[in-house]
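What follows is a set of notes on a single structure, which appears directly below.
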Amino acid sequence: MTAISPKAIGAAASSADLRAFLHGLPGVDEVGAAGRAAMLGTRSIKAASKAWAIDLAISMVDLTTLEGMDTPGKVRAMCAKAMRPDPSDPTAPAVAAVCVYGDLVADARAVVGDSVHVAAVATAFPSGRASLEVKLLDTAQAVDAGADEIDMVIDRGAFLAGDYARVFEEITAVKAACGPAHLKVILETGELRTLDNVRRASWLAMLAGADFIKTSTGKVTPAATPPVTLVMLEAVRDFAASHGRRVGVKAAGGIRTSKDAIKYLVLVNETVGDGWLTPDLFRFGASTLLNDLLLQRQRMTTGHYSGPDYVTID
Amino acid sequence: MSEHEPSHAEASQAVSTQAVSTQASSTQASSTHGPFSTRVDVRKTYKLYIGGAFPRSESGRTYEAFDAQGVFWANVAKASRKDARDAVLAARTAFSGWSGATAYNRGQVLYRIAEVMEGRRRQLEDEIQQGQGCTADQARNLVSEAIDRWVWYAGWSDKLAAVLGSSNPVAGPYFNFSTPEPTGVVAAVAPRACSLLGLVSVIAPIIVSGNTCIVMASQGRPIPAITLAEAIATSDVSAGVVNILTGDPAEVMPWLASHADVNALDLSGVEDAALATLLEQQAAGTVKRVRRPKWVAGRQADAGSDWLAEPGLGAMRAFLETKTVWHPQGV
Amino acid sequence: MTFEYAPAPESRSVVDIDASYGLFIDGQFVNPIDGDRIKTINPATEEVLAEVSTAGPQDVAAAVAAARRAYDEVWSAMPGRERGKYVFRIARLLQERSRELAVLESLDNGKPIRESRDVDLPLAAAHFFSHAGWADKLAYAGLGPSPRSLGVAAQVIPWNFPLLMLAWKVAPALATGNTVVLKPAETTPLTALAFADICRQAELPPGVVNIITGAGETGRLLVESDGVDKVAFTGSTEVGKQIQRSVAGTRKRLTLELGGKSANIVFDDAPLDEAVEGIVNGITFNQGHVCCAGSRLLVQESIAEEVLDRLRRRLTTLRLGDPLDKNTDIGAINSAAQLARITELAASGDAEGAERWSAPCSLPDRGFWFPPTVFTGVTQAHRIAREEIFGPVLSVLTFRTPHEAVEKANNTPYGLSAGVWSEKGSRILWMASRLRAGVVWANTFNRFDPASPFGGYRESGFGREGGIAGLAAYLQEDDR
């Protein structure tokens, strides 16, 4: 189906090579993809399945704070919540990770220890407008401070200008700088605009070594949407089939309700299979989602609707 | 306004009496509440309708509206150029959503206006009777026609393209088709005399195809326009699709006619030849489409009666662009 | 750990089904004069839902007479504007009662609630809404300044989309000023009978819509009645041919919407994931009980294996079972007879050497079920490539060039629909101009809209339903 074997793409690939491969991928029909995502959104998840899905979703949350006004105190409070989301119910699972700016990694790690992952956004998040040296240093410092996951942004300008080699090389370089830390590559799909671009950027990131591909920084609207996530899930599915490596997907930004979160889990289940229904391969990047998941959880445990004063605000 | 029975024998007299005092109803009221607890009605403040909200004029001005007998009825907001500017902004903001909605959806929204108006018909009948000085039967008929006009236009939303569009058999291996598209933001002047049916007949053909509008209500008979705005606001019409201003068209319309973000003018309701000419000249500044007053085309001036006839396509066609697409056919 | 969706059944409590139903004639339910009774069952459980009447000769005559009276005395003289308001009322009532009707449809027909809720009901309401708007605009239908209605329309509809087919028939007939005698299919009469109640709630004048239930014999009596001016039939090509013979030499106008064996053509530059969705939808939508189903997959040879791999993987995820479960994708086959026909044709595929693959889903013990099935190695000569199966059975053929695709797609007596999947616009339009089919879907499949005409070429019938073209079926052109 494609002129160049995806396996042939290596570190020395030129923009022309990459273009020939990426533009040889099947196109995405936007209307059809949106229709498929919307249909899956009508799945009705009830009772035991819902309870299971809510706990799974909690365990997939990257609890996030990425504000200029972040302080060590704010990060410590969020970390406490990450470890024990519902103080009134110890059976509520911990989240997957906390996600902070690089300079607050040490504060986070000091609180969470080894109980949850610490993810740092790096590479001149969110715009990515900096030299490669700055991006690599940003990455290395976060890893040194204790981050075991790095959320990098791609250079959308280079991608849109067709300079695929530059994007590819940046990802491989950051991946090297990560050392043992897992690399999530943020595509910022709200700036890529087309689903064809989302598919191509997903493949580019996976070929360059991404452990996860992530929709958005959360600073651009639209952030994660079901059609975008569908296309990324199709990409990881096809990549696993052709390369034998499982890449994760992180839907970040704009997912605020349990209902939405469950729709994403259905999308995962029916697109790439239940093998991806694990925090190792699917994450939610969110801040307010967690409390809604907890409210729903309380609703299912107690049988009556809960209220916002019965979950903690960190 | 308060409700009263449509069976008033001397309709106009009874209505104006009630507008000035509560003489008629106080006789009834006293039997239940006693002489000292006669109920005083709560009167409404009449405001503009811009972007889905009901603001007072930015200028703080009002003018006095009178009923058909010349008796004071209410103080009505007098729109300024800044209100017009705000209305253009609201209409422009609403345009992408409204024009992007499916034709089926727009048809249902227009039909919903008819449904809501049907529930307010008594109020509208009273206002027309009081404002236009017509009989209860005439008022009832005018309201019925206004409601039915929404229904008529609602039905056009998903049929315009079939009737006005075409597939064009060009001499070559091309698929070629033409479809009508809304022109954008339309500023309109409602007719002076026919205060409800005339107004509906101006708004509906503009918005059914996806345009948004700013309409100046009849200056002398503004009250039904405000009630219509309330019906529209409680239908499913998105904010900004319809904006209704009360005031002096001669003051406000030149600002709209020269506004660069207005795409077309409907001057159906303009009776002053000099004003119509001025507005048309101003429209030329950004090549706005202009629907001229009826009398320009040699037909009778607005007397109310000609609004009763079935409208035809002209009012819709005036605010449509034809887009033609060429596409090759080949393996 | 796996994500097993718990059952999510739609509540049955929203519907009230009577133990037995009469015929809806002249605005009221009446017992049949010379008719009989039949039972209608839930094909998912084989449980009897209700007993309905079958109209005999005198019942049919009474219904036609009522329609004639209503036509002469009320409906033909009513201004289009007022007639339209009745049709708008019906549209709104369908919207208001959509959940109840969706459940009833799924119970009686076996189709998944997701489809009856998200497709049948919204489209049925839209059809009435859109046609309501035509009632006072017939001068714009391209049939002269004042086209005239025909009179009494006899309408016979199939069991695959009971309420939607009713809407496609009744809405244009009423909007154009005709009165109606409608016969729903014998296995799916319940939503038509519920529609009779909607006519009552809309205060539609008695006799404008009459609904008579029964089997083929009732349908034959109806279309052969001297009192009808127009016959509209949706169903099998075989019965369509009988009807065309029977109206020969009469004044009756006729439209037929019959069978199909539609090609779904996938080029190597198709948007593959969406094409696979379209193939799946084309053959499994409504259990394949769709006259325009994409039952022949024509796939470009260079990508055939990849497409088939993706197709099988996708079909494996389909959920077959209780039609009232909101997560069900594939419901029950409508009747034992239809299941027997599907089974027989599938067996012919095996016998003629095609290779069968079925999605690995377990079938319930009771009711009528057939798993999504794909036959590969099919040639144009095979019965499963030529005959309409009307079930979830796909025949896969390959092609090498666009010319070959057109040739194979057109090599059938039918001509209802076709699908083309390619990201190259000029090729899509080239294909569309050469395909002999009444509807061509490009990069989508099974789309319907009241504004869009639907109908077939050749043995798939004639006449269109929907859009401006559909009005001609119910109007006499004003050719003065």
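The values are calculated or read from the model by the stated rules, or taken from the named source; none is laboratory data. All values derive from a computational prediction rather than experimental measurement. Cβ sites come from the backbone with ideal geometry, for glycine too, and all protein chains shown count toward neighbours.
Computed values, structure above
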| quantity | calculated |
| --- | --- |
| In the range A:20-50, the residues that are over 23 Å from the mean Cα position of the chain (by Cα), closer than 20 Å to A:Phe239 by Cβ and in a helix (DSSP H, G or I) | A:Ala20, A:Phe21 |
| Wholly within the range A:63-179, helices (runs of 4 or more DSSP H) carrying at least 2 residues that are in contact (Cβ under 8 Å) with a residue 40 or more places away in the chain and within 24 Å of A:Ala261 (Cβ to Cβ) | A:72-83 |
| Listing of helices (runs of 4 or more DSSP H) fully contained in the range B:220-331 that carry 1 or more residues being at pLDDT 95 or above and either closer than 30 Å to C:Arg81 by Cα or not assigned by TED's automatic domain parsing to the domain that holds B:Leu199 (or both) | B:223-233, B:314-317 |
| Qualifying residue in the range C:292-300 (condition: surrounded by fewer than 23 Cβ atoms within 10 Å (Cβ to Cβ), within 14 Å of chain A (Cβ to nearest Cβ) and of a type outside the set (Val, Ile, Thr)) | yes |
| Among residues of the range B:49-99, those that are β-branched (Val, Ile, Thr), within 11 Å of B:Ala239 (Cα to Cα) and assigned by TED's automatic domain parsing to the domain that holds B:Gly184, counted | 1 |
| Criterion (more than 17 Å from the chain's Cα centre (by Cα) and not in a helix (DSSP H, G or I)) met by exactly one of A:Thr221, A:Thr301, A:Thr278, A:Thr312 | A:Thr312 |
| Matching residues, the range A:9-33, being within 14 Å of another protein chain (Cβ to nearest Cβ), among the small types (Gly, Ala, Ser) and surrounded by fewer than 17 Cβ atoms within 10 Å (Cβ to Cβ) | A:Gly24 |
| Criterion (among the acidic types (Asp, Glu), in the same structural domain as B:Cys213 (by TED's automatic domain parsing) and closer than 16 Å to B:Ala229 by Cβ) met by exactly one of B:Glu127, B:Glu118, B:Glu145 | B:Glu127 |
| Residue within the range C:222-238 that is surrounded by 24 or more Cβ atoms within 10 Å (Cβ to Cβ), in contact (Cβ under 8 Å) with a residue 24 or more places away in the chain, touching a strand residue (DSSP E or B) at 6+ places or on another chain (Cβ under 8 Å) and assigned to a loop (DSSP other than H, G, I, E, B) present | yes |
| Hits in the range C:385-422 - residues which are more than 22 Å from C:Ala351 (Cβ to Cβ) and in contact with an Asp or Glu (Cβ under 6 Å, 6 or more places away or on another chain) | C:Arg400, C:Pro413, C:Tyr414, C:Ser422 |
| Considering residues of the range C:262-277 that are within 7 Å of another protein chain (Cβ to nearest Cβ) and not hydrophobic (A, V, I, L, M, F, W, C) only, the residue nearest to the chain's Cα centre (by Cα) | C:Glu277 |
| Pairs, first more than 11 Å from B:Gly155 (Cβ to Cβ) and more than 7 Å from every other protein chain (Cβ to nearest Cβ) in the range C:77-88, second in a loop (DSSP other than H, G, I, E, B) and of a type in the set (D, E, K, R), C-beta under 7 Å, six or more apart | none |
| Failed item, numbered, when C:Ala67 is tested on (1) buried (at least 20 other Cβ atoms within 10 Å of the Cβ); (2) under 24 Å from C:Ala173 (Cβ atoms); (3) in contact with a helix residue (DSSP H, G or I) (Cβ under 8 Å, 6 or more places away or on another chain) | (3) |
| Test: residue in the range C:175-187 that is within 14 Å of another protein chain (Cβ to nearest Cβ) and either within 20 Å of C:Thr40 (Cβ to Cβ) or not in a loop (DSSP other than H, G, I, E, B) (or both) | yes |
| Number of positions in the range B:69-115 that are touching a helix residue (DSSP H, G or I) at 6+ places or on another chain (Cβ under 6 Å), in a loop (DSSP other than H, G, I, E, B) and under 25 Å from B:Met253 (Cβ atoms) | 1 |
| Options C:Gly425, C:Gly463, C:Gly415, C:Gly438: the member that is over 30 Å from C:Cys361 (Cβ atoms) and in the same structural domain as C:Gly80 (by TED's automatic domain parsing) | C:Gly463 |
| Unmet criterion (only one of (1) over 12 Å from the mean Cα position of the chain (by Cα); (2) within 13 Å of another protein chain (Cβ to nearest Cβ)) for A:Met206 | (2) |
| Subset of the range C:84-110 (residues that are among the β-branched types (Val, Ile, Thr) and over 20 Å from C:Val74 (Cβ atoms)) | C:Val103 |
| Close pairs (7 angstrom Cβ cut-off, 6 or more residues apart or separate chains): more than 11 Å from every other protein chain (Cβ to nearest Cβ) and on the phi < 0 side of the Ramachandran plot in the range C:423-448, modelled with pLDDT of 95 or more and in a helix (DSSP H, G or I) anywhere | C:Leu435/C:Val406; C:Leu435/C:Ala409; C:Leu435/C:Asn410; C:Arg436/C:Asn410; C:Arg436/C:Arg458; C:Gly438/C:Ser460; C:Val440/C:Ala432; C:Phe448/C:Leu123 |
| Matching residues in the range C:450-475 - criterion: being surrounded by fewer than 23 Cβ atoms within 10 Å (Cβ to Cβ), assigned to a helix (DSSP H, G or I) and either touching a Lys or Arg at 6+ places or on another chain (Cβ under 6 Å) or within 14 Å of chain B (Cβ to nearest Cβ) (or both) | C:Gly467, C:Ile468, C:Ala469, C:Ala472 |
| Restricting the range C:304-320 to residues that are surrounded by 22 or more Cβ atoms within 10 Å (Cβ to Cβ) and away from chain A (no Cβ under 13 Å), the residue that is farthest from C:Phe390 (Cα to Cα) | C:Leu311 |
| Any chance C:Phe370 is aromatic (Phe, Trp, Tyr), in contact (Cβ under 8 Å) with a residue 12 or more places away in the chain, over 24 Å from A:Val28 (Cβ atoms) and buried (at least 20 other Cβ atoms within 10 Å of the Cβ) | yes |
